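The values are calculated or read from the model by the stated rules, or taken from the named source; none is laboratory data. Not measured: the values here are computed from a predicted model. Heads up, the Cβs are rebuilt from the backbone with ideal geometry, glycines too, and the neighbour counts pull from every protein chain shown. Keep in mind that these areas ignore ligands, DNA and RNA; they rest on the heavy atoms of the full protein, side chains included. Shrake-Rupley method; radii C 1.70, N 1.55, O 1.52, S 1.80 Å.
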Amino acid sequence: MWRRVNPLSPWISSFKSSIVKQQVSKSKIWETFTTGIPLQEEGGTLSECRTPFITFVLGGPGSGKGTQCEKIVETFGFKHLSAGDLLRREIVSHSQYGSMILNTIREGRIVPSEVTIKLIQREIEASDNDKILIDGFPRTEENRIAFEQIIGTEPDVVLFFDCPEEEMVKRVLSRNQGRIDDNIDTMKKRLKVFTALCLPVIDYYADKGKLHKIRAVGTVDEVFEQVRPIFTPYEESEQLISLGE
Ligand code: UDP
Ligand code: MG
């Protein structure tokens, strides 16, 4: 398993999450972040023994997050969780929140944090992979804070696929995946939401020194060559650990 270490100054950060857990009581979380949609309480923070290596993958609509995640999975063996795909799965399975999610996505708005986080949490808990890629989340500061408090941990790495707007519009309008939000009107709204709400999240992680900004133009392989060196040091430190060095 990849340790949650900084490759340059190795230290195991697993106790970090238990400090956060002690500081934030669960009832406080629910008071602060309930947006009128009650969810059955289950789980809470990740179990004490789980401290997966978490990567957030951010970028505007059509910036190539999903495509690059496939390459990261192939190369480094992560479990890929696309927040958008998890939400779309709820729509087709006609779950409790399906119609609310459908309307929210159609308008390019953001689904309440607790709903998205619950879906992500279930997937993390169900997976035995300790390298998790969370694609397209958090999209707002509120999403970010809610994740940190409910899940009880922060990401180890944050990727930002930086792509010019005209390129993102071109890709989304030509990708033909049958998505209800891949049309020019919703796309304009999604871009506005991205600039207003997601850029502050990106700035937050830049200030924390966790952000890796990738120039998301060029071929898939060209973009991936900027991604690869971000994870290679972790892979190398894992190899050293398994050699007992
Ligand atoms: N969405 C959301 N919260 C999330 C992720 C997605 O509300 O954490 C909604 C939002 O309406 C967004 C849509 O799902 O516009 C599609 O998201 P996805 O990540 O699939 O699209 P992308 O931006 O990657 O094209
Ligand atoms: Mg996507």
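What the table shows:
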quantity	calculated
Solvent-accessible heavy-atom area per residue, rounded to whole Å², over region 112-227 at 1.4 Å	45
Net length gained if the chain between A206 and D221 were fully extended (0.36 nm per residue, minus Cα distance)	2.9 nm
Inter-label distance, nm, simple model (7 Å from Cα along the C-beta direction), R106/K188	1.9
Convex hull volume per residue in cubic angstrom - Cα atoms of region 108-245	149
Sites R179 and Q239 - FRET efficiency at Förster radius 41 Å, r taken between beta-carbons, to 0.05	0.55
Cα radius of gyration and Dmax for region 56-121 (Å)	12.9, 36
Proximal lysine pairs, region 62-198, alpha carbons under 29 Å, eight or more residues apart or interchain	24
Accessible-area composition of region 124-219, carbon plus sulfur, in percent [1.4 Å probe]	50
